[in-house]
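Please read the structure below before turning to the comments.
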Amino acid sequence: MMARPLRVNRAGTFHHCWNRGVERRTIFNDEVDYKRFLELLEVMAERFNLEVWSYVLMGNHYHLLVKTRKENLSEAIQWLGVSYASHFNRRCERSGHLFQGRFKSFVIEEEEYLRQLILYLHRNPLRAGIVTRLVDYPWSSYRCLAYGRSCYAWLQRKAVLRLFEGKEERLRKAIQEYSREEDHLLENLRFGLILGGEDLSDWLRETVRGQRHREKPQARAVGRKESVAAVVQRLQEPLGLSQEEVEEFRRPVRRRSRPLRDVLIYLVWKSTDHRLEALSEYFHVGYTTISTARVRGEEHLKRNKRLRSKVKDLLENTSIDK
C-alpha cells in the first residue's frame, strides 16, 4: 500500500499542489477537459473557501498554487481529483484510477519564495517545449496575470500582482528574466514539505512529536532533527551500502563515476531539511559538486527501476513531479 504523504494542514497558508496521470498518461485530452477542470476549480474555491493564486495544466499533470482559509486542504484537493476523474472516466468510457496516487503538496512560507514559485510554475510550458511564448499557452493563469486576458473571477489576480508592485509589466519582466540558476529554488525545500520558514519547521516538529506516523517517511524525518551522518546511516540499508563504502564516498575523487554516491546525496537532500551546504561539509566537496551530484543521483534513480523500488516510499512522499 502506498504510504500516505504527510500534510501541513493549517489555515492561512500557501500550498503548491500537484498530481499527474497514472503511469504519466494524459489527463487532459482536449479543450473540453481543460475547461471542465477549470470549472471544478471555481466550485472548489467557493465550496471549500479556498483562494486560487495560480494554475498550470500540462497534458498529463497539473500545478496549483492555493491559499487555505480553513484547515481543509486535503478535502478540497481530493474533491477536485475525484470530481475531475469522474468526468474524464465517463467521457472516455474508462474506469479505474486517473491520477498517480494521492496529490502531492508543500507549503510556501516566505513571500520571496512565493514570488519565485509563481514564476517557476508558469514557465512549465516553456521548459516542456510546448510554446516559445507563454502568452500562446491557454491553459495556465499567465494570460490573466500578465495581460488581464482570459480571467476568471475566482483567480486572485490582484493579490498576485501585489507581489510584483501591482503591475503586469513587472510580472512579465520577472518571468522573462527568470534564469536557469533560479531553477534551484526547490533546493530550499525542507522535509519535502516547506519552502522556507524555520518557524513553520519548528511548528511541524511539535505537531508530529509523540504521534505515530510509521507509514509516513516525511514525519519520521520531521520528528527528529537528524544530522547528515544519521540520515546517511538510515539510508545505508535500503541502498545496500556498507560502512566502508559510505566512508569511501566521503573521500573526494576526480573523474570517477560513483552513481550510488550520487543517489545517496540526492536522497539525503530530498528526505530532510538539510541545505546543500551541510551535505558539502559532510562529503568534503564544494557546493557546486554536491548540486551536480544531486542531479545525477536523481537521473540514476529514474533509469534504475530495481534501485528505485528499494526506496519507493521515500521517493513517493518527497518527490516533486514537474
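The values are calculated or read from the model by the stated rules, or taken from the named source; none is laboratory data. Since this is a predicted model, take the numbers as computed values, not measurements. Methodologically, a virtual Cβ is constructed for each residue, glycine included, from the backbone with ideal geometry; neighbour enumeration extends over all protein chains shown.
Could you list, in sequence order, all residues of the range 273-297 that are in contact with a Ser or Thr (Cβ under 9 Å, 6 or more places away or on another chain) and part of a loop (DSSP other than H, G, I, E, B)?
Hits for the range 273-297 are 273, 274, 286.
Quick check: is even one residue across the range 82-98 closer than 17 Å to residue 15 by Cβ and in contact (Cβ under 8 Å) with a residue 24 or more places away in the chain? Before the answer, list the steps.
Residues of the range 82-98 that are closer than 17 Å to residue 15 by Cβ, as a first pass: none.
Looking through the range 82-98, none of the residues is closer than 17 Å to residue 15 by Cβ and in contact (Cβ under 8 Å) with a residue 24 or more places away in the chain.
Just checking, does the range 73-91 include any residue being assigned to a loop (DSSP other than H, G, I, E, B), assigned by TED's automatic domain parsing to the domain that holds residue 150, surrounded by fewer than 20 Cβ atoms within 10 Å (Cβ to Cβ) and among the small types (Gly, Ala, Ser)?
Checked against the condition, which is being assigned to a loop (DSSP other than H, G, I, E, B), assigned by TED's automatic domain parsing to the domain that holds residue 150, surrounded by fewer than 20 Cβ atoms within 10 Å (Cβ to Cβ) and among the small types (Gly, Ala, Ser), the range 73-91 yields no hits at all.
From 89, 60, 124, which residue is more than 21 Å from the chain's Cα centre (by Cα), of a type outside the set (Phe, Trp, Tyr) and over 18 Å from residue 150 (Cα atoms)? Please lay out each step first, then the result.
On the way: 60 fails: more than 21 Å from the chain's Cα centre (by Cα); 124 fails: more than 21 Å from the chain's Cα centre (by Cα).
One residue alone meets the criteria, 89.
Quick check on my filter: what residues within the range 230-271 are exposed (fewer than 12 other Cβ atoms within 10 Å of the Cβ) and in contact (Cβ under 8 Å) with a residue 40 or more places away in the chain?
The one that is exposed (fewer than 12 other Cβ atoms within 10 Å of the Cβ) and in contact (Cβ under 8 Å) with a residue 40 or more places away in the chain: 240.
Can you tell which of 101, 129 is in contact (Cβ under 8 Å) with a residue 12 or more places away in the chain and either out of contact with any Ser or Thr (no Cβ under 7 Å at 6 or more places or on another chain) or surrounded by 20 or more Cβ atoms within 10 Å (Cβ to Cβ) (or both)?
Only one candidate qualifies: 101.
I'm checking my understanding of the structure. Among residues of the range 300-321 that are outside any helix (DSSP H, G or I) and in contact with a helix residue (DSSP H, G or I) (Cβ under 7 Å, 6 or more places away or on another chain), which one is modelled with the lowest pLDDT? If you could, list the steps in order and put the result at the bottom.
Keep residues of the range 300-321 that are outside any helix (DSSP H, G or I), which gives 304, 311, 319-321.
Then keep just the ones that are in contact with a helix residue (DSSP H, G or I) (Cβ under 7 Å, 6 or more places away or on another chain); that gives 311, 320.
Details: 311: 78, 320: 41.
Applying the filter and picking the extreme gives 320.
Quick check: anything in the range 105-119 acidic (Asp, Glu) and either on the phi > 0 side of the Ramachandran plot or assigned to a strand (DSSP E or B) (or both)?
Checked against the condition, which is being acidic (Asp, Glu) and either on the phi > 0 side of the Ramachandran plot or assigned to a strand (DSSP E or B) (or both), the range 105-119 yields no hits at all.
Go through (1) assigned to a helix (DSSP H, G or I); (2) over 28 Å from residue 171 (Cα atoms) one by one and return the number of the condition residue 143 breaks.
Only one criterion in (1) assigned to a helix (DSSP H, G or I); (2) over 28 Å from residue 171 (Cα atoms) is unmet by residue 143, namely (2).
Determine which single condition residue 166 fails, assuming it passes every other condition in (1) surrounded by 13 or more Cβ atoms within 10 Å (Cβ to Cβ); (2) at pLDDT 65 or above; (3) not in a helix (DSSP H, G or I).
Exception for residue 166: condition (1).
Tally up the residues in the range 18-36 that are surrounded by 20 or more Cβ atoms within 10 Å (Cβ to Cβ) and of a type in the set (A, V, I, L, M, F, W, C), please.
Within the range 18-36, residues that are surrounded by 20 or more Cβ atoms within 10 Å (Cβ to Cβ) and of a type in the set (A, V, I, L, M, F, W, C) number 3.
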